[in-house]
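A.B. asks: Let me give you the structure first, and then I'll get to my questions.
The values are calculated or read from the model by the stated rules, or taken from the named source; none is laboratory data. The structure presented is a predicted model; accordingly, all values stated were derived computationally and were not measured. Methodologically, a virtual Cβ is constructed for each residue, glycine included, from the backbone with ideal geometry; neighbour enumeration extends over all protein chains shown.
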Amino acid sequence: MMDVKRSDFDRAVQKLLGTEAYESAVVLTQASVPAQCDAVARAMLLGELASDDGEAIAIVRLIAQRLMRGVGAHGLTNG
């Protein structure tokens, strides 16, 4: 199982949502990791992603899959 640094996850979410949406949906609300995955999924479904960066999508998808499968942890490492 690939380890993902929290800082890489945060950058991926910010890249996909865009800075303004990231600030309002994540930073101001202190959104949890699952809530951040939900925000990206919602933006993707609505066609509102700020970027279609494949690596960023893969990072968020991996973390969301871990959470949805009940692995018990998102697998993010410090950094």
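To keep it simple, each residue is scored yes or no on (1) under 24 Å from ARG69 (Cβ atoms); (2) modelled with pLDDT of 95 or more.
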| site | (1), (2) |
| --- | --- |
| LYS5 | yes, no |
| VAL26 | yes, no |
| VAL40 | yes, yes |
| LEU46 | no, yes |
| ILE57 | yes, yes |
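A.B. asks: Please count how many residues of segment 25-50 are surrounded by 14 or more Cβ atoms within 10 Å (Cβ to Cβ) and in a loop (DSSP other than H, G, I, E, B).
C.D. replies: Qualifying residue count for the region: 3.
A.B. asks: Given the criteria of a type outside the set (Val, Ile, Thr), in a helix (DSSP H, G or I), within 22 Å of THR77 (Cβ to Cβ) and touching a residue at least 40 places away in the same chain (Cβ under 8 Å), does ALA12 qualify?
C.D. replies: In short, yes.
A.B. asks: Of all residues in segment 15-24 being of a type in the set (Gly, Ala, Ser) and in a helix (DSSP H, G or I), which is surrounded by the fewest Cβ atoms within 10 Å (Cβ to Cβ)?
C.D. replies: My answer is SER24.
A.B. asks: For segment 63-79, how many residues meet the condition of being part of a helix (DSSP H, G or I) and either more than 14 Å from ARG11 (Cβ to Cβ) or modelled with pLDDT of 95 or more (or both)?
C.D. replies: 5
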